[in-house]
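Input: a single structure, listed below in structure tokens.
The values are calculated or read from the model by the stated rules, or taken from the named source; none is laboratory data. What you are looking at is a predicted structure, and each value in this text was computed from that prediction instead of being measured. With ideal geometry, Cβ positions are generated from the backbone for all residues, glycine too; neighbour counts draw on all protein chains shown. The protein model used for the area step is the full one, side chains on, heavy atoms only, and it has no ligands, DNA or RNA in it. Shrake-Rupley method; radii C 1.70, N 1.55, O 1.52, S 1.80 Å.
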Amino acid sequence: QNHASEQCDSLADELPVSSASTLVTEMMILAGEAIGKWALRETGTPSEEESSKENNIFLPYRSQPKPDYRSRAREKKIMMDLLEYNVGDGYCHAWYSRRFLSPVKVTSYAKPHSGLGLGCYVQWTSPIRRFQDLQAHAAIKRYLRRQKVIELCANDLPVPPAVTSDDLGCSLLAKNGEGPRKLDLNEVDSDIDYDDRTKLLGPSRFVMRSSQKYWMLEYIRRLHDSDPGLSLEALVLGCVNPAKRQYAIYIYELGLEWRYSSPVSIQAGNKFKVRVGTVIPQNGQLAFVRIHA
């Protein structure tokens, strides 16, 4: 008997992600909440109101409004039934609930993030791959430097000559042209625009998703070429188009959500084996064929 089958009857019994990956994800979210709360505490700005503090810090707070179910009672009931009866081990509920989610907004003041369940959240843990995160790092460092300079000026201590306006995000002025210097805090971090380059996000995401889709299909093509009879386990997430009997399915082994046209009606939570029927990576085409026992 196959050793893998002794461990679990289905790949559905395995965790979809590793514990290490989950830990990293949770720590990144925690860091985003922590820096947001720190900034609010430092500036005393709980909402859209202007801060009363002389030195301010502006961060790109990400927020998401709560789903509005008022005109969608029937859909909400379906979603809650999927959750209550644990249809598809939770996958079906997660898939169905996405239709209620609103786009994330980025503002300079804190608002709740419904999807994360947080009162405030700043995305700043990936400055190498996200320009906005790099901007947030610059704003935080500048704020801390300004705080130190303000302390030095308050105690009539000299500011190190190596410190420049770019380091502080504001002008560093000298009193009467000489003597102790002071900060011009009227326009802090005016050169940081969190909306900068966001117009490129749409095209870049399209390229990224197209690339991911191509290489996923190419991987499947190679699997199919090496084993034309390869069977994969599919979970029906829900119906996309009842008239055409088109469904969303999840392939456990591939971590892939895809469309499946069924000759007969099937229900959310149904599981069955499929094989690859057609796969053409260049055209983005992939079709699965159900294997009948």
Next on the checklist: So, L201, is that one in a helix (DSSP H, G or I), closer than 30 Å to N56 by Cβ and out of contact with any Asp or Glu (no Cβ under 9 Å at 6 or more places or on another chain) or not?
Outcome noted: yes
Checklist entry - Of all residues in region 241-260, which are closer than 19 Å to W95 by Cα and open to solvent by 80 Å² or more (accessible area, probe 1.4 Å)? => result P242, R245, R259
Checklist entry - Does region 262-275 contain any residue that is without any contact (Cβ under 8 Å) to a residue 24 or more places away in the chain and closer than 20 Å to K213 by Cα? => result no
Next on the checklist: Could you check region 225-274 and list, in sequence order, the residues that are in a strand (DSSP E or B), out of contact with any Gly (no Cβ under 7 Å at 6 or more places or on another chain) and β-branched (V, I, T)?
Outcome noted: V240, I249, I251, V274
Next on the checklist: Considering only residues that are open to solvent by 80 Å² or more (accessible area, probe 1.4 Å) and either closer than 27 Å to Q123 by Cα or among the β-branched types (V, I, T) (or both), which ones fall in region 80-109?
Outcome noted: R98, R99, L101, P103, K105
Next on the checklist: For the structure I just gave you, tell me whether G238 is in contact (Cβ under 8 Å) with a residue 40 or more places away in the chain, among the small types (G, A, S) and surrounded by fewer than 16 Cβ atoms within 10 Å (Cβ to Cβ).
Outcome noted: no
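Right, Q282: farther than 30 Å from F131 by Cβ, open to solvent by 80 Å² or more (accessible area, probe 1.4 Å), modelled with pLDDT of 95 or more and in a helix (DSSP H, G or I) or not?
Details: farther than 30 Å from F131 by Cβ: yes; open to solvent by 80 Å² or more (accessible area, probe 1.4 Å): yes; modelled with pLDDT of 95 or more: yes; in a helix (DSSP H, G or I): yes.
Answer is yes for this residue.
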Checklist entry - What are the residues in region 181-230 that are over 30 Å from N155 (Cα atoms), open to solvent by less than 50 Å² (accessible area, probe 1.4 Å) and β-branched (V, I, T), if any? => result I220
